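Written out below as C-alpha cells is the structure these notes cover.
The values are calculated or read from the model by the stated rules, or taken from the named source; none is laboratory data. Keep in mind it's a predicted model, so treat the numbers as computed, not measured. Cβ coordinates were reconstructed from backbone atoms using ideal geometry, including for glycine residues, and neighbour counts include every protein chain displayed. Side chains included, ligands, DNA and RNA excluded: accessible areas come from the protein's heavy atoms. Shrake-Rupley method; radii C 1.70, N 1.55, O 1.52, S 1.80 Å.
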Amino acid sequence: SQGRAAGLASAVGVNLGSAIHVVAAVAGLSVILASSAILYSTVKWAGVAYLVWLGIRALGSQVELFTHPSAEPAALRKIFTQGVIVNVLNPKVAMFFLAFLPQFVDPNGATPWLQSFILGLTLVVIGLISDSIYALIGGQVGGVLRRNPRAGAITRSASGVTYIALAG
C-alpha cells in the first residue's frame, strides 16, 4: 500500500533478521535456543504475540490503505524495524539455519564456522533479491489496487487474518 520504497525497507529488515539468525547459528546461540525448551517457548510466544498484535491492529484499522492517500504512511525506519522484529522473533528461522547449515559444511575443513557463515549469508542475499523483486512487483500491483475503491478494506482484512494465522 505504501509503494516500492516501503516494500524494499521491509525486505531489507526481514533479511537483516535472517542475517542475525545466521550469526546466531554460527555462534552457537541457535543450539542453545534449540536445546532450551523455555527459551524456545519464550521466543516463540513473543513472536506469536507480535503477529497477533499486528493482525488485530490491521483488522481494527479504519484507514483505507489504497483509497485515502492522505493517510499518514509509516516511516520507512518503522517498516524496516518491523521486518527485523518479525524475523528475529521467529524461532522457526533459527531452527531452519540450525538444521540447514550443518548439512553443507565440511567439519574436517579448516574453518567450518566460516563455511556456515558464507552459506548463511548467501541465503540472506538470495532472500533479499527475491524479496526485493516481490516489493517492486507489489509496488506496481499497489498502483492497480489504488484504482479499486474496495481494495483497501479487502487487503487490510486479508493482511490482519494472515498475521493472526501465521501466529498459529
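A few remarks follow.
- In degrees, nearest ten, helix 76-88 long axis to first principal axis of the chain (Cα): 40
- Solvent exposure of the chain as accessible area per residue, Å², 1.4 Å probe: 59
- Shown for the chain: the carbon plus sulfur share of the solvent-accessible area, taken with all protein chains present and a 1.4 angstrom probe, equals 70%.
- Semi-axis lengths, largest first, of the ellipsoid equivalent to the chain are 34, 19, 11 Å, with √(5λ) applied to each eigenvalue of the Cα gyration tensor.
- Solvent-accessible area of residue 163 with every protein chain in place, 1.4 Å probe, in Å² to the nearest 10: 80
- Distance between the modelled labels on residue 103 and residue 154, one decimal in nanometres: 3.8 nm (7 Å Cα→Cβ projection).
- The angle separating the long axis of helix 91-100 from the principal Cα axis of greatest extent in the chain is about 40 degrees.
- Trypsin sites (Lys or Arg not before Pro) lying in DSSP loop within region 90-168, provided at most 13 other Cβ fall within 10 Å: 147, 150
- Label-point gap, in nm, between residue 23 and residue 121 - each point 7 angstrom along Cα→Cβ: 1.2
- Gain on full extension, evaluated as 0.36 nm per residue between residue 166 and residue 146 minus their Cα-Cα distance, stands at 4.6 nm.
- Helix 112-146 axis, angle to the chain major axis (alpha carbon atoms, nearest 10°): 10
- Heavy-atom accessible area ranking, 1.4 Å probe, most first, across 114, 119: 114, 119
- Take the Cβ atoms of residue 81 and residue 45, set R0 to 25 Å, and the FRET efficiency comes out at 0.80.
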